[in-house]
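Structure first, commentary second.
The values are calculated or read from the model by the stated rules, or taken from the named source; none is laboratory data. The structure presented is a predicted model; accordingly, all values stated were derived computationally and were not measured. All Cβ positions, even for glycine, are placed from backbone atoms using ideal geometry, and neighbour counts span all protein chains on display. Areas reflect the complete protein model, heavy atoms only, side chains present, ligands, DNA and RNA absent. Shrake-Rupley method; radii C 1.70, N 1.55, O 1.52, S 1.80 Å.
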There are 2 protein chains.
Amino acid sequence: MTLKDVAALAGVSIATASKALNGRGYVHPQTRERVVEAAKKVSFTPNSLARGLLAGRTGTVGLLTNDLVGRFSIPVLMGAEDAFGTGKMSVLLCDARGDAIRESYHLQALLARRVDGLIVVGSSTDPRPSLGHDLPVPVVYAYGPSQDPRDVSVVPDNVAGAALAIDHLLSLGRRNIAHITGQEGYLAAQDRAAGASKRLAEEGLALAGGRVLYGDWSEAWGRSAASALIEQNPTVDAIFCGNDQIARGAIDAIRDRGLSVPGDVAVIGFDDWQVVTTGSRPQLSSIDMDLETLGRTAAQRLFAAIDGSEGSGVEHLPCRLVVRGSTMDGA
Amino acid sequence: MTLKDVAALAGVSIATASKALNGRGYVHPQTRERVVEAAKKVSFTPNSLARGLLAGRTGTVGLLTNDLVGRFSIPVLMGAEDAFGTGKMSVLLCDARGDAIRESYHLQALLARRVDGLIVVGSSTDPRPSLGHDLPVPVVYAYGPSQDPRDVSVVPDNVAGAALAIDHLLSLGRRNIAHITGQEGYLAAQDRAAGASKRLAEEGLALAGGRVLYGDWSEAWGRSAASALIEQNPTVDAIFCGNDQIARGAIDAIRDRGLSVPGDVAVIGFDDWQVVTTGSRPQLSSIDMDLETLGRTAAQRLFAAIDGSEGSGVEHLPCRLVVRGSTMDGA
DNA sequence: TACAGTTAGGAAAAGCTTTTCGGGCTGTTT
DNA sequence: AAACAGCCCGAAAAGCTTTTCCTAACTGTA
């Protein structure tokens, strides 16, 4: 099953066999045919290890994630795999589970396998420590940026995404817009709140309720916060929520109070997590971070870096508005 | 950054450097110290490619999935990664996206990289075509079994899981138990229905409504099916649902009709998908397929096969009952 | 002093592929 | 007729590590 066997079977030298299979140099068509035939016969597959050893490039990239169970890593990973092209580039996957020691262990293993580059996927959009600059391969940080601005990072633009949500609500004629979101400690929560406030301020408006309602990222919080909000501010006519679960909770609470969504209160979420958005009644509008595009972009940046391009800094990718029943006038 | 550099820096031969770092043969402690020091200094990482080329084993396994976005592959993958041990074994991930051509392409790439073994993760529990037996490495099928009984497969025991759910409902004193589930075409739907019916039959009972309510795996179906069911069979006191989304829809429909869960009707789902089970009111009891254990087991079977063990056939792993508010008496 | 037994370290092969270089050969040009 | 160009193929090196075998030196003993 090695090239030597193929060469022997075809009655040529190893060098000729190699050239025949790779289309290099001068090989008589008839000879080439014999070699190809022999290779097929023994189902020869060139050994990538030997190839990589020689070429210095392995056609493998490492994907270091910290939150595989979470729903953010996977789309990024998909996009990256997509960009690499089927079979051309392979992905070595490691999940550090938020543990720095485990991470450095994985990193070591990846470097030993001579990956051509690394993509680091954060578990949140909070900046994370850089892997450093003395690595022998380029690194791209996706979803969560590196703390070091000299690194290359690709992240979703939460601020603009929030503005998109507010824009949409404004376009529906809503003016009393509240914002319920998750833990204040998350940069994602801060960014989305900032984006929403800024956009409202541009229109001379302020958040209904006077402030951002921080809590946690759960439906339960969405329910209780929305309920209390409506209680205290009956004029609220729209709620922008920090994620889809909160939004779904808000929808349920509003319906429980006998109000209609979106008739009385329009609701929009964030993340566009299908299982949540399509399960609710009415279905939930949301802001999609388009993580697959983000993953693809990260892969492209990595390719560029592998090919010698320099560049650095944090690149913010736009979000997409996905309109469903919870903000649809006709509903 | 190669062993040669380390050896030169430490003033020894390559062979000695190798032995010093790997603890083989006779090396003077002082020499060893010098070598280790030198290796650390240039941050030497042994080239896995060269190592693998020599040893014939690469410490890499291929993970071929068909449904990365789906929620079943990931826990399996996690469990497998877990079993392999951090840094010791690496995982090459490929997503064929249900495309046979893409799959064979990925397979080729994995074999070229000389993986030590393969785990194939199905996108459903329906049997899938075997990769064949002329592969140079062992293969274990996880979640979805191979159609070929000579292969090694590890799958969740849906039949027993359904019986577990029925047992639980019976233990609450419920006797009029209905079953709402997804498309009849899915083996998972059939197995769960069969397990439920069998367990009921053992108690001399039959399904409330007289038949299994097949539909799709959505909340919307759960709502409409549960609503119609209660309408026609007011005596129903429990519903076993084929997945969590259907169950959540059922809960909502029951509450909409002014009945209480679990007071009037107990509801239990399947899959234990946290975002669905913990978001509902009350929180949803469910059957957990424990996919991480499944992944771990698949990895162990693969290890065994790599080490020469034979064995074959489909191994069914038990499910776990997770009790929450929707079947809790006190609630 | 010679020898056996340890101990330390080096030379070289193996593992597989790709690429470079050079040697035959045929046919053509001067 | 001689030289040259073009074509085809093979020998060998490079890429990096591990392991086996071997030599040299040293310790202790007969």
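Quick notes on this structure:
- Filter result (among the small types (Gly, Ala, Ser), open to solvent by less than 10 Å² (accessible area, probe 1.4 Å) and farther than 15 Å from residue A:226 by Cβ) within segment A:161-187: A:161, A:162, A:165
- Output for segment A:290-322, where each listed residue is among the hydrophobic types (A, V, I, L, M, F, W, C), open to solvent by 40 Å² or more (accessible area, probe 1.4 Å) and touching a helix residue (DSSP H, G or I) at 6+ places or on another chain (Cβ under 7 Å): A:321
- Evaluation of residue A:57 against (1) more than 16 Å from DNA strand C (Cβ to nearest atom); (2) outside any helix (DSSP H, G or I) (one fails), failing number: (1)
- Matching residues, segment B:9-32, being more than 11 Å from DNA strand D (Cβ to nearest atom) and not in a loop (DSSP other than H, G, I, E, B): B:9, B:10, B:29, B:30, B:31, B:32
- Test: residue in segment A:266-285 that is touching a residue at least 60 places away in the same chain (Cβ under 8 Å), surrounded by fewer than 17 Cβ atoms within 10 Å (Cβ to Cβ) and under 20 Å from the mean Cα position of the chain (by Cα): no
- Considering (1) away from every other protein chain (no Cβ under 14 Å); (2) open to solvent by less than 40 Å² (accessible area, probe 1.4 Å); (3) β-branched (Val, Ile, Thr), the lone condition that residue B:137 does not fulfil carries the number (1).
- Filtered residue count, segment B:87-118, keeping only those that are in contact with a strand residue (DSSP E or B) (Cβ under 8 Å, 6 or more places away or on another chain), assigned to a loop (DSSP other than H, G, I, E, B) and free of Cβ contacts under 8 Å to residues at least 40 places away in the same chain: 2
- Screening residue B:87 on (1) modelled with pLDDT under 85; (2) open to solvent by less than 10 Å² (accessible area, probe 1.4 Å); (3) under 22 Å from residue A:58 (Cβ atoms) shows it passes everything except condition (2).
- One residue stands out in segment A:59-76 among those that are hydrophobic (A, V, I, L, M, F, W, C) and within 21 Å of residue B:108 (Cβ to Cβ): the one that is surrounded by the most Cβ atoms within 10 Å (Cβ to Cβ), namely A:63.
- Residues in segment B:97-130 that are open to solvent by less than 10 Å² (accessible area, probe 1.4 Å) and modelled with pLDDT under 90: 0 in all.
- Here is the figure for segment B:287-331: residues that are in a helix (DSSP H, G or I), touching a strand residue (DSSP E or B) at 6+ places or on another chain (Cβ under 7 Å) and of a type outside the set (A, V, I, L, M, F, W, C) total 6.
- Test result for residue A:11, within 14 Å of chain B (Cβ to nearest Cβ) and either more than 11 Å from DNA strand C (Cβ to nearest atom) or of a type in the set (Lys, Arg) (or both): no
- Criterion: more than 13 Å from chain A (Cβ to nearest Cβ) and within 20 Å of the chain's Cα centre (by Cα) - qualifying residue of B:76, B:152: B:152
- Of all residues in segment A:19-29, those being touching a residue at least 12 places away in the same chain (Cβ under 8 Å) and open to solvent by less than 40 Å² (accessible area, probe 1.4 Å) number 1.
- Of all residues in segment B:30-45, those satisfying the criterion of being free of Cβ contacts under 8 Å to residues at least 40 places away in the same chain and away from DNA strand C (no atom under 16 Å from the Cβ) are B:40, B:41.
- All conditions but one from (1) on the phi > 0 side of the Ramachandran plot; (2) buried (at least 21 other Cβ atoms within 10 Å of the Cβ) apply to residue A:146; the one that does not is (1).
- Criterion: small (Gly, Ala, Ser) and more than 21 Å from the chain's Cα centre (by Cα) - qualifying residue of B:194, B:162: B:194
- Test set (1) surrounded by 22 or more Cβ atoms within 10 Å (Cβ to Cβ); (2) free of Cβ contacts under 8 Å to residues at least 40 places away in the same chain - residue B:259 fails condition number: (1)
- Yes/no for residue A:63 being under 29 Å from residue A:130 (Cα atoms), assigned to a helix (DSSP H, G or I) and more than 8 Å from DNA strand D (Cβ to nearest atom): no
- Scanning segment A:14-29 for residues that are more than 21 Å from residue A:48 (Cβ to Cβ) and within 7 Å of DNA strand C (Cβ to nearest atom) yields a single hit, A:25.
- Criterion applied to B:237, B:244 was being surrounded by 24 or more Cβ atoms within 10 Å (Cβ to Cβ), under 25 Å from residue B:190 (Cα atoms) and in contact (Cβ under 8 Å) with a residue 40 or more places away in the chain, and the one residue passing it is B:244.
- The set of residues in segment A:46-73 being within 7 Å of chain B (Cβ to nearest Cβ) and without any contact (Cβ under 8 Å) to a residue 40 or more places away in the chain consists of A:48, A:49, A:50, A:53, A:68, A:69.
- Residue A:69 vs. criteria more than 15 Å from DNA strand D (Cβ to nearest atom) and in the same structural domain as residue A:137 (by TED's automatic domain parsing): yes
- Residue in segment A:42-58 that is more than 16 Å from DNA strand D (Cβ to nearest atom), hydroxyl-bearing (Ser, Thr, Tyr) and open to solvent by less than 30 Å² (accessible area, probe 1.4 Å) present: no
- In the set (1) more than 14 Å from chain A (Cβ to nearest Cβ); (2) closer than 26 Å to residue A:83 by Cβ, the condition left unmet by residue B:112 is number (1).
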